[in-house]
Amino acid sequence: MGTKTERHFNCIACGKCCFGWLPLTLKDALHHAGRFPLAIVWTPVPYGSRAFAVSARFGITLRLRNRKQIAVILVPTAYLPPSFSCPELTAEGQCRIHEQKPLRCRTMPFYPYREEQDQSEQLVLRKGWACDTSTSAPIVYRNKSIVDRTDFDHERQALLEQAPIMRLYAEYVLKYMPWIVDSLGTVMQQSGGTVITSLSSFVTAIRSLDAKSLATQQLSVFTEYATKTADIPALIEYQRQYTGWAKEMEYLAST
């Protein structure tokens, strides 16, 4: 029997968590650019919150117009509607790319943008998920520590290594798209909001990337998802984004 300081978890490969947005490391995003429609998701974190320090470590800090300080994490993300499954999820709920799946998928259910001692909530089943959290499942969390932290540490290290690049991008956006500060201030008032910027702006800011190859891959993906979301009223914002981003990638691929 487990104690109150132990949490059990086992993935049964039900595929229920393989829907909607998928946060990625930069390395994984670039590696899977031919699979996922990519965007950069900015998530503001208020000063004084439990996640502020770790968010500042992986992201940036800035002051809003009202002078309040916030941390912001900038996350390359597979920008999928919540009703859409991962493109690599089979009808049987299996992963087609299991051996090369992103670190985010490997680390689940733990989340790198939380401190290790704050991971317990990640083991609470979400609605519809069928993970095994019974006492017969392996103990994965004990005394506020992750038992097998190999994947967690790999993802954390990847985030630390990419942090300088993400900060360089943030500096570019804050200089050329200053409205982002007001947008972050607005979503801060919504408790959990985010701001989305395009991958094309990231490619433009980070000149060391192979822009032509990346744009060619993303053009194909955005075009596919623009078609998939066409004529679905609930997904009109996704369709608009995919269509606009496809045009941007078409330009970058041709230059």
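A short reminder: the numbers here are calculations on the coordinates, not readings from a lab. This is a predicted model, so every value here is computed, not measured. Don't worry about glycine lacking a Cβ; one is built from the backbone with ideal geometry, like all the others, and counts go over all protein chains shown.
Here are some notes:
- Here, the stretch 210-255 is characterised by an Rg to Rh ratio of 1.05, where Rg is the alpha-carbon radius of gyration and Rh the Kirkwood radius.
- C-alpha long axis of helix 236-254 to longest principal axis of the chain, angle in °: 60 degrees
- Listed residue pairs exceeding 28 Å between alpha carbons, taken from 16/228; 127/228; 68/144; 27/127; 127/247: 68/144; 27/127; 127/247
- Distance between modelled label sites at residue 143 and residue 108, nm, 7 Å Cα→Cβ extension: 3.0 nm
- Considering helices alone, the calculated mean residue ellipticity of the chain at 222 nm is -12500 deg cm²/dmol, with DSSP H runs of length four and up weighted by -39500 (n - 2.57) and normalised per residue.
- Summing charges over all other residues whose Cβ lies under 13 Å from the Cβ of residue 96, with Lys and Arg as +1 and Asp and Glu as -1, gives -1.
- Free-standing Cys, the chain [no other Cys Cβ under 4.7 Å]: 11, 14, 17, 95, 105, 131
- Answer label, with Cα extents along the principal axes in Å calculated from the coordinates and candidates [x] 61, 48, 36; [y] 58, 47, 36; [z] 48, 41, 34: [x]
- Under the combined filter of DSSP loop state and at most 16 neighbouring Cβ atoms within 10 Å, the stretch 93-177 retains these trypsin sites (Lys or Arg not before Pro): 96, 114, 126, 127, 144, 149.
- Potential extension, residue 234-residue 10 segment - 0.36 nm per residue separation minus Cα distance: 77.3 nm
- Note on the stretch 6-208: with charges restricted to the Cβ of Lys and Arg (+1) and Asp and Glu (-1), its dipole about the Cα centre is near 600 debye.
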